[in-house]
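The structure appears below as structure tokens.
The values are calculated or read from the model by the stated rules, or taken from the named source; none is laboratory data. Here the structure is a predicted model, which is why all the values come from computation and not from measurement. Counting neighbours? That spans all protein chains shown, and the Cβs are built from the backbone with ideal geometry, glycine included.
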Amino acid sequence: MAELIDGKAIAAEMRQEIAADTQALIKQGVTPGLAVVLVGEDPASRVYVSMKEKACAAAGIFSDEYKLSAETGEVELLELITELNADEKIDGILVQLPLPEHIDEAKVLEAISPDKDVDGFHPYNVGRLVTGNPLFQPCTPYGIMKMLEHTGVDLKGKEVVVVGRSNIVGKPVALMCLAEHATVTICHSRTQDLAKKIAAADVVIAAVGRPEMIKGSWIKPGAVVIDVGVNRVGDKKLVGDVEFEAACENAAAVTPVPGGVGPMTITMLLYNTLVSAKRRAKKTLRF
């Protein structure tokens with residue numbers, strides 16, 4: 001049976017380290033600050049923002065929340081971001097997605113200063129990730145890399161198959177694995193003979209958003225499986241993109257759903273905010 005990669009435990013350990021570093025920085029006169037902007041009443045977004053607020057409080061990070069109505073105009077939102085860019089007590093700006101349809105998400109994300117883009121979505125930060133010199137790395141992929149590191153997985157020379165090509169997870173995690181000298185194959189829902197490609201993988205990172213699309217029998221014996229998917233089946237049951245029980249028969253290590261990758265995302269948001277505050281303390285901002 002596979003070893004379970006406990007995202008909750010890894011996240012808890014990292015958050016203790018983040019809290020300790022935050023207190024040390026506060027003693028130097030710099031309190032890390034995160035601004036979270038929520039537009040509208042999306043229930044999932046509200047829950048997620050609440051979780052971020054609690055995580056910031058537990059770590060000692062100053063959190064400033066801006067909860068705007070769904071009728072908020074694009075110009076008004078852009079003006080707020082301009083103010084936050086100039087606010088010296090704010091080290092990170094996070095605009096919760098999705099935004100209402102009348103607001104251009106790309107325009108909003110590009111308005112955030114790259115030095116405060118703790119989500120790692122600004123084109124400048126994406127470009128730096130591509131060239132191997134990242135400023136901020138997107139939180140979920142970054143969390144995956146920390147999990148692999150914590151589990152003792154050396155990616156050098158390994159065959160990594162990423163299933164999913166989103167800008168939020170699939171593409172950036174592929175680049176991060178490439179930076180660790182892995183040989184990376186990006187697959188997706190239209191890939192032909194997906195089973196054959198997965199069967200050759202030393203590490204499978206599933207982020208396609210389809211419940212149990214990846215069969216456990218496809219997993220190479222001894223492989224490591226990172227399942228990013230969170231899919232609701234029926235009224236309550238949550239499953240990943242991988243057949244969990246069957247995958248455990250072959251894999252050396254696998255993340256559960258829930259309790260795997262999920263807890264790492266907010267942890268890396270805190271981590272990026274702390275890193276940004278440290279840069280402020282050292283006066284190393286580009287702009």
### Task
Return yes or no: is Ala44 in a helix (DSSP H, G or I), under 20 Å from the mean Cα position of the chain (by Cα) and assigned by TED's automatic domain parsing to the domain that holds Asp104?
yes
### Task
Could you tell me whether any residue of the stretch 216-230 is in a helix (DSSP H, G or I), of a type outside the set (Gly, Ala, Ser) and in contact (Cβ under 8 Å) with a residue 40 or more places away in the chain?
no
### Task
Could you list, in sequence order, all residues of the stretch 231-249 that are at pLDDT 95 or above, outside any loop (DSSP other than H, G, I, E, B) and touching a strand residue (DSSP E or B) at 6+ places or on another chain (Cβ under 9 Å)?
Val242, Phe244, Ala247, Cys248
### Task
Would you please name the residue that is surrounded by the most Cβ atoms within 10 Å (Cβ to Cβ), looking only at residues in the stretch 215-239 that are farther than 16 Å from Ile144 by Cβ and among the β-branched types (Val, Ile, Thr)?
Ile219
### Message
Whether any residue in the stretch 177-194 is of a type in the set (Gly, Ala, Ser), over 15 Å from the mean Cα position of the chain (by Cα) and either closer than 30 Å to Phe62 by Cβ or assigned to a loop (DSSP other than H, G, I, E, B) (or both) is what I want to check.
### Response
yes
## Note on the structure
Reported set for the stretch 24-77 where residues are among the basic types (Lys, Arg) and closer than 23 Å to Glu101 by Cβ is Arg46, Lys67
### Query
Could we say that Gln28 is at pLDDT 95 or above and exposed (fewer than 13 other Cβ atoms within 10 Å of the Cβ) here?
no
### Query
For the stretch 110-131, how many residues meet the condition of being aliphatic (A, V, I, L, M) and under 17 Å from the mean Cα position of the chain (by Cα)?
4
### Query
Is it the case that some residue within the stretch 184-200 is under 18 Å from Gly7 (Cα atoms) and modelled with pLDDT of 95 or more?
no
### Message
Between Arg128, Arg46, which is without any contact (Cβ under 8 Å) to a residue 24 or more places away in the chain, touching a Pro at 6+ places or on another chain (Cβ under 8 Å) and surrounded by fewer than 18 Cβ atoms within 10 Å (Cβ to Cβ)?
### Response
Arg128
### Query
Would a scan of the stretch 153-163 turn up a residue that is in a strand (DSSP E or B), more than 25 Å from Gln137 (Cβ to Cβ) and either charged (D, E, K, R) or in contact with a helix residue (DSSP H, G or I) (Cβ under 7 Å, 6 or more places away or on another chain) (or both)?
no
